[in-house]
Structures are given as structure tokens and as C-alpha cells.
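FYI, it's all coordinate maths here, none of it is from the lab. Every value quoted in this text rests on a predicted model; they were computed, and no experiment measured them. Counting neighbours? That spans all protein chains shown, and the Cβs are built from the backbone with ideal geometry, glycine included.
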Amino acid sequence: MPASSPPYRIEVLSDAHDRGTFQCGAPALDRYFREQVTQDIKRRVATCFVAVETASDAVAGYYTLAATGVRLDALAPAVAKKLPRYPIVPAALLGRLAVVDSAKGKGLGTALMVDAIRRVARGDLAVFALFVDAKDEAARAFYERHGFELLPGETNRLCLPIATALKLMRSEP
């Protein structure tokens, strides 16, 4: 029996992808994907990756990645003490992550996040951690379940050191 193809493939957003019907239930994320993401790409402030349904070629989810930096003193002391004393530490920002309503609860959000971690980890630029600004409590809980931790004094900015992320991924079944 031939192996079935995976339900999604993750690739860089291109003009071939239909963004017009994307609907994740968060108007700001829908609007960004339909109207603004290509401007951010052209300006080189973000890269967008999409999960495409293998059977239909429909976009089922997306995330954006951008370079960022974080002040060393903004990190938890236990994390900061392991780093060089540079005032700014290089990082990546998982700027947006969204999944269409029909794909929610099927692990696609996690798959997109893992793809982002892997891309950052194998990139040519040194990146200490992946940061995210959770849009609400549910998003914050999602990231915390995957090992992200709130920065001291923050309510929605979370951090996951890449080395920690890779260890967590290796330990999962």
C-alpha cells in the first residue's frame, strides 16, 4: 500500500497562493494576510510561510518570521547569565501565526510553529531565541504549552531559546 501524502505542505508565500478567502476567526490576522503581508515581504521586514492543503492547494495557515533583537536585561536572569554581555541579543520574531477555522484543533498551528523553529535553527544567521507577542490569553496558553516563557514584567511577550526548542522537539514522540 503506498504511503499517503501529508495533508499539508509548508512553503514560502508566493503570488500563486490565493489569500482572498483566508479566514481564521481573527479579523486582524485575516486582514493582515489578505492586504498587508506582501508589502512587508517587499519591504524585507518579514517573510511569510504558508501551509497549503495537499489535496486542494488552499492556504490553511500561515506564519511570519522577522529578525529582531532583545535587550539582555529584558530576559529572565537565569537565561541572561548564560549569554555574552552584549546589550542586544539577536533573535527571531514569530510575528503572526494563524490557521483557518476548518483546520483548527488538528495540530496545524503546532506544525507551523515547529517549522518556524526549524527554519530559524538551520538559518545562516545566529539567533538566540524565538520571540512571540501573543494576541490573547488563548494564544499565550498555546505558546506556553510549547515551552515559551513570558519575559519578566510582560503580559504577552514570550521567549523560547532555540537550543531549548530543539531539545523539546527531540524529546517528543
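Computed quantities for the displayed model
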read-out: Arg9/Lys81 FRET efficiency (R0 35 Å; Cβ-Cβ; nearest 0.05); value: 0.30
read-out: Contact order normalised by residue count of the range 1-97, Cα under 8 Å, 6+ apart, percent; value: 26 percent
read-out: Cα-Cα separations in the range 8-171 greater than 18 Å, expressed as whole percent; value: 60 percent
read-out: Distant alpha-carbon pairs in the range 2-43 (separation over 16 angstrom), percent; value: 49 percent
read-out: Signed unit charges on C-beta, dipole axis of the chain, positive-most listed residue Pro77, Ala16, Ala116; value: Pro77
read-out: Theoretical gain in end-to-end length, Ala55 to Glu144 [0.36 nm per residue, Cα-Cα removed]; value: 28.9 nm
read-out: Those lysines that a straight Cα-Cα span of less than 30 Å connects to Lys81, excepting residues fewer than 8 apart in one chain; value: Lys135, Lys167
read-out: Ala66-Asp18 FRET efficiency (beta carbon distance; Förster radius 25 Å; 0.05 resolution); value: 0.60
read-out: Segment Arg34-Ile88, length gained on full extension (0.36 nm per residue, minus Cα span); value: 16.1 nm
read-out: Cα-centred dipole magnitude for the chain, charges only on beta-carbon of K, R (+1) and D, E (-1), debye, nearest 20; value: 580 debye
